[in-house]
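Written out below as structure tokens is the structure these notes cover.
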Amino acid sequence: MKHDRPLLAFFDTSLGYGGVPVLRHLSFHICRGEFLGIVGPNGSGKTTILRAILGLVKPLHGTIQRSATPVIGYVPQREHIDTIMPVTAFEVALMGRAGRLSAFGRESRRDREVARQALARVGVAHLESRLFRDLSGGQQQRVLIARALAAEPELLVLDEPTTGMDLASEYSIVELIRNLNRESGLTVILVTHVLPVVLNAATTILLLENGRILSGDLADVLEEQTLSSLYRLPVRLLQVGGRRTLVVGAADA
């Protein structure tokens with residue numbers, strides 16, 4: 001469910017490194033229960049925004065406001081995960097409890113229960129004893145989402161969760177994330193370089209293209225004229241089987 005008070009808000013924010021801006025005049029917000037899609041090509045500043053959301057980069061100018069300090073469940077890109085270590089899917093999920101361990105740093109029965117519940121929640125409870133490195137790409141992604149859910153987050157942040165997947169796996173992962181948002185009310189930020197990934201899942205969107213920034217509710221941003229102006233190509237929006245799709249570079253459809 002969407003609430004009016006922003007969980008996270010950027011106000012005329014400039015982000016960069018060593019005093020050199022990567023992005024300027026960035027203003028957007030996400031409320032509890034929303035699904036924000038951040039979309040842009042490589043080098044557009046998506047990773048910098050992600051680091052700012054996680055608190056790893058401070059604004060050069062402007063402000064970032066948070067509602068209290070939300071617990072964030074972070075799902076990194078799969079290729080950044082070390083698959084050499086012989087850890088099981090359950091052990092990976094249990095890593096998500098690291099921030100909630102006792103003063104002695106030992107997991108409790110509840111920690112183990114929450115990790116198993118997270119695996120079940122994403123549909124891979126039957127894989128808990130399998131080595132993470134032996135799983136398929138889609139299965140690994142589900143385990144990484146389970147790890148993030150084991151932290152019992154208010155905000156789930158995913159970095160390119162469908163990269164390298166076939167069409168069926170991509171659809172399955174996006175539907176899983178969409179259901180976590182719609183059915184559980186979990187606030188979601190998904191970063192991707194492919195607009196169709198969030199076309200039928202996001203409620204709000206932030207588009208980055210050649211230094212230009214466009215943000216707002218999905219219904220307001222997803223207009224042919226707006227997208228054509230942003231991408232400097234003809235963009236047609238269509239409905240196929242009750243789902244949005246787009247055609248780029250076709251003046252007639």
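The values are calculated or read from the model by the stated rules, or taken from the named source; none is laboratory data. Nothing here was measured: the structure is a model prediction, and the numbers come from that model. We place every Cβ from the backbone using ideal geometry, glycine too, and count neighbours over all the protein chains shown. All accessible areas refer to the heavy atoms of the entire protein, side chains included, with ligands and DNA or RNA removed. Shrake-Rupley method; radii C 1.70, N 1.55, O 1.52, S 1.80 Å.
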Exercise. Label 7 Å along Cα→Cβ of Arg182; the stretch 193-221 residues with amide nitrogen under 20 Å?
Worked result: 195-206, 217-221
For this session: Determine ³J(HN,Hα), in whole Hz, for all residues of the stretch 151-163 in sequence, where each value follows from phi through the Karplus function 6.51 cos²θ - 1.76 cosθ + 1.60 and θ = phi - 60°; x replaces Gly and Pro.
Result: 6, 6, x, 8, 9, 9, 10, 10, 9, 6, x, 10, 4
For this session: Among DSSP beta bridges whose residues both lie in the chain, state the antiparallel percentage, nearest 5.
Result: 60
For this session: Using label points projected 7 Å from each Cα along Cα→Cβ, tell me how many nm separate His126 and Asn200, to one decimal.
Result: 2.5
Seminar exercise, completed: Under the Karplus relation with 6.51, -1.76 and 1.60 and θ = phi - 60°, whole-Hz ³J(HN,Hα) for the stretch 52-57, x at Gly and Pro, equal 5, 4, 7, x, 8, 10
Exercise. Can you list the residues of the stretch 138-154 with backbone N under 12 Å from a point 7 Å past the Cα of Asp166, pointing along Cα to Cβ?
Worked result: 138
Seminar exercise, completed: Taking a ≥ b ≥ c as the square roots of the eigenvalues of the Cα gyration tensor, with a/c under 1.5 meaning rounded and otherwise prolate when a/b exceeds b/c and oblate if not, the stretch 119-176 is oblate
Seminar exercise, completed: With a 1.4 angstrom probe the carbon and sulfur portion of accessible area for the stretch 165-253, in percent, totals 49
Problem set entry | For the stretch 12-76 and the stretch 139-181, distance of Cα centres in Å | 20
Problem set entry | Net dipole in debye of the stretch 42-201 [+1 Lys, Arg Cβ; -1 Asp, Glu Cβ; about Cα centre; nearest 20] | 460
Problem set entry | Prolate/oblate/rounded call for the stretch 107-216, Cα gyration tensor, a/c under 1.5 rounded | prolate
For this session: Please identify, among Thr187, Thr203, Thr226, the residue showing maximal mean-square fluctuation in a Gaussian network model of the chain using a 10 angstrom Cα cutoff.
Result: Thr226
For this session: Kindly provide the GluC sites (Glu not before Pro) of the stretch 153-223 that DSSP labels as loop, not H, G, I, E or B, and whose Cβ sees at most 14 other Cβ atoms within 10 Å.
Result: Glu223
For this session: May I ask you to evaluate 6.51 cos²θ - 1.76 cosθ + 1.60, the Karplus curve with θ = phi - 60°, for each residue of the stretch 187-204 and list the ³J(HN,Hα) values in order in whole Hz, giving x for glycine and proline?
Result: 6, 10, 10, 10, 9, 8, 9, 10, 4, x, 4, 10, 4, 10, 10, 5, 9, 9
Seminar exercise, completed: Measuring from the longest principal axis of the C-alpha atoms of the chain, the long axis of helix 109-121 (C-alpha) lies at a number of degrees, nearest 10, equal to 40
Seminar exercise, completed: Rounded to the nearest 500, the 222 nm mean residue ellipticity computed for the chain from DSSP H runs (n ≥ 4, each -39500 (n - 2.57)) alone is -8000 deg cm²/dmol
Exercise. Which order do Arg236, Arg97, Arg130 take by accessible area at a 1.4 Å probe, largest first?
Worked result: Arg130, Arg236, Arg97
Seminar exercise, completed: With every protein chain kept in place and a 1.4 Å probe, the residues Val20, Val197, Val247 fall, from largest accessible area down, as Val20, Val247, Val197
For this session: Select from Phe28, Phe90, Pro70 the residue farthest towards the positive end of the dipole of the stretch 1-152; place +1 on Cβ of Lys and Arg, -1 on Cβ of Asp and Glu, and compute about the Cα centre.
Result: Pro70
For this session: Give me the accessible area per residue for the chain, probe 1.4 Å, as a whole number in Å².
Result: 50
Problem set entry | Heavy-atom accessible area order for His29, His126, largest first, 1.4 Å probe | His126, His29
For this session: Could you work out how far helix 137-149 tilts from the main Cα principal axis of the chain, as a 0 to 90 degree angle to the nearest 10?
Result: 80
Problem set entry | Fluctuation leader among Gly18, Gly211, Gly99 - the chain, Gaussian network, Cα springs under 10 angstrom | Gly18
